[in-house]
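Right, one structure below, let's go through it.
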């Protein structure tokens with residue numbers, strides 16, 4: 001069991017966490033997270049979904065949103081925890097849909113929509 005968790009962490013979670021914890025603006029980190037996740041879903045090891053790692057990813061999404069807010073580029077006025085939960089839920093939906101449909105194209109179409117959605121949250125300075 002521990003070997004499986006270590007393998008998952010090495011293959012997927014550490015890479016996804018590194019993206020979300022990048023010091024750049026939080027919105028770009030979230031978009032890069034979904035790009036990388038889509039690539040992982042289409043690859044030979046496209047089975048994401050360890051509960052321990054997923055909880056960590058949700059906290060990292062929240063951290064990226066907080067960085068974007070602090071940088072003054074996040075146009076969301078609502079609850080950041082709810083927004084992080086929303087993004088995490090969408091990501092989990094991508095995992096389930098890709099496993100069920102066995103179609104990487106479905107994940108790519110969803111990714112494009114998510115990237116546009118996240119970009120619409122960006123405040124562009126005048």
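Values in this text are rule-based calculations from the coordinates and carry no lab data. Everything quoted here is computed from the prediction, not taken from an experiment. Here Cβ is always computed from backbone atoms with ideal geometry, including for glycine, and neighbour counts include all displayed protein chains.
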The ratio Rg/Rh over the Cα atoms of region 51-126, Rh being the Kirkwood inverse mean 1/r radius, stands at 1.02
Contour minus Cα-Cα span, residue 70 to residue 89, at 0.36 nm per residue, comes to 4.5 nm
On the formula 1/(1 + (r/R0)^6), with r taken between the Cβ atoms of residue 77 and residue 113 and R0 of 25 Å, the FRET efficiency rounded to 0.05 is 0.70
